[in-house]
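The values are calculated or read from the model by the stated rules, or taken from the named source; none is laboratory data. On a predicted model such as this, the values are computed, not experimentally measured, just so you know. Cβ: placed from backbone, ideal geometry, glycine included. Neighbour counts: every protein chain shown. Areas reflect the complete protein model, heavy atoms only, side chains present, ligands, DNA and RNA absent. Shrake-Rupley method; radii C 1.70, N 1.55, O 1.52, S 1.80 Å.
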Amino acid sequence: MRKTYPAEIAAIPGNVLYYPSELGDLAEIELIYFGRHSCPAIVQQNPAVNQTIVLSKSLAESLLFDHTDIPLHLFIYGKSIHIGPLVGIFSSGFTGISNKPLGERSEFFAKLLSLSKTTGCIPFVFGENVINWDEETIKGYVFDKDDWNIYEFPFPNVIYDRLPNRLTENRDGPKEVKQKFQKIYTIPWYNPGFFNKWDVNERLCADERALPYLPETYPFQSISVVETLLSHYRQVYIKPIHGSLGLGIHQILYDKHENVYYCRYTNEAKENKLQRFSTLESIVKHIFHDRPLENLIVQQGIPLIRSEKRPVDFRVHTNKDSNGKWQVTAIAAKIAGAGSVTTHIKSGGVIKTVAELFGDDDEATEVERKLSEAALILSDSIEKNLDGIIAEIGFDFGLDKKGQVWMFEANSKPGRSIFSHPKLKDFELLTRKLSLDYAIYLTEQTITKSIRVPQ
């Protein structure tokens, strides 16, 4: 367990740092870092009994250090001491409103930033327009004492990507910021982008461990692909490659007795629809006429377990922890709304714990074991086979009537609707805490191990 130390600023002449005496002799230290700013200093053991970090006022000013209410880590490498870490959280959609600087997402960020004392790091939120590239500083938001404030920070040790959507992610501004921090300043940038469903499927197919969990999936290149899968499975799903929140998903079913097709989907008015068609061609003409088919995938339908005659799937969250290891941090069951093609709450879905769904403790325990095993295998596979530093994933799993686990989707920036369930509140806290714990691990790796972390 890494140890943290209280920090204080004192009216001492010159650039001086007193470090906790329990750290022993650090006479060779010459440089003090806070984020990416550094300053030479006289370094001595703290003569007081208290195991605290004391910075002289001039040293604190040089480093832009003004955070004496948070116990912090000290990373020692070579002739340097790094205080922190300083974690930049990159996002967009800033409103300029003092009590809601990120609009409806402000509450989430407030909860995330409030974990500074618990984790021993200094997180702040920033956007593309508050970066001073010449001075290498950022004006970022912090949430302290139930209030939002803006501070000037050095460039951080690591950056956590919390861009809200693909549209923002693909804009020139955010792309340029990410490229500069990664390429010029070699700052680790974790959770770097939204997943492409087809890309994830292709890469996981190369991993034998992942294959048993993957439904048969193809790009939507022709109607014959849909026909082939329907002949095998009697139902298929057509999904947008870049979709999220269940938007744009269509279920196609074939009734061999009537020789007709049904298409279930949610329209633009958020209404659940089930329409009957005589041919697949008529479905494509009526439903997909204004959509580029190359942006869609076709996926094997799974005969899911049901609750009150409604299909059930599962959301499983995984996070990297303070040791850089994957952990399952939350599991919830989601029951589809009446007539809905997905289990999302906005389409009438209902969230339950696994125990509530099954009632039987032994059955619930076995299902959680299967889901956890699948999530950890697939998290490791995604990390190894996809680009960037991935530290959290939200999986949508299905469980068929034979007990087989299937991965429908993996989300790099998972929604948090399952945490509206009262019994999942503690798991919501765990997911937030681990996202910052991993920042500490990543900082330590890049500083003390002299390892260049892949971008």
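Odds and ends about this structure:
- 16 Å reach of a label modelled at residue 242, 7 Å along Cα-to-Cβ, counting backbone N of region 166-204: 166-176, 193-200
- Value at 222 nm in deg cm²/dmol, rounded to 500, when DSSP H runs of n ≥ 4 in the chain each add -39,500 (n - 2.57): -7500 deg cm²/dmol
- Förster radius 56 Å - calculated FRET efficiency between residue 355 and residue 184, Cβ distance, rounded to 0.05: 0.65
- Share antiparallel - DSSP beta bridges, the chain, percent rounded to 5: 75
- For the chain, the carbon plus sulfur part of the accessible surface works out to 49%, probe radius 1.4 Å.
- Among complete DSSP H helices in the chain, those whose alpha-carbon atoms stretch at least 20 Å along the helix's long axis and whose mean Kyte-Doolittle hydropathy reaches -1.0 are 361-385, 425-448.
- Packing-based order for 264-277, 146-159, 119-132, using average beta carbon neighbours within 10 Å, highest first: 119-132, 146-159, 264-277
- When the Cα gyration tensor is reduced to axis lengths a ≥ b ≥ c, the ratio a/c stays below 1.5 for region 1-89, which is therefore classed as rounded.
- Accessible area, probe 1.4 Å, largest first, for residues 25, 437, 144: 25, 144, 437
- In terms of accessible area, using a 1.4 Å probe and ignoring ligands and nucleic acids, 352, 402, 139 rank largest first as 402, 139, 352.
- Accessible area per residue, Å², region 299-455 with all protein chains present, probe 1.4 Å: 41
- Positive-end extreme of charge dipole, region 132-211 - chosen from 157, 201, 173 (charges on Cβ): 201
- Rounded accessible area per residue of region 186-231, 1.4 Å, Å²: 43
- The alpha carbon gyration tensor of region 284-399 gives principal lengths a ≥ b ≥ c with a/c of 1.5 or higher and a/b no greater than b/c, which makes the shape oblate.
- Rounded to the nearest whole Hz, the Karplus-based 3J(HN,Hα) values (6.51 cos²θ - 1.76 cosθ + 1.60, θ = phi - 60°) of region 392-398 follow the sequence 8, 9, x, 9, 10, 10, x, with x at glycine and proline.
- Rounded to the nearest 20 debye, the dipole magnitude of the chain is 880 debye, with +1 charges on Lys and Arg beta carbons, -1 on Asp and Glu beta carbons, and the Cα centre as origin.
- Hz values of 3J(HN,Hα) by residue in region 146-153 - Karplus curve (6.51, -1.76, 1.60), Gly and Pro given as x: 6, 8, 8, 9, 10, 10, 8, 10
- A simple packing score, the average count of other Cβ atoms within 10 Å per residue, orders the peptides 279-287, 389-397 as 389-397, 279-287, with the highest score first.
- The residues of region 82-181 present an accessible area of 44 Å² per residue when probed at 1.4 Å with all protein chains retained.
- Flagged links, alpha-carbon separation over 24 Å, of 370/401; 413/433; 197/352: 197/352
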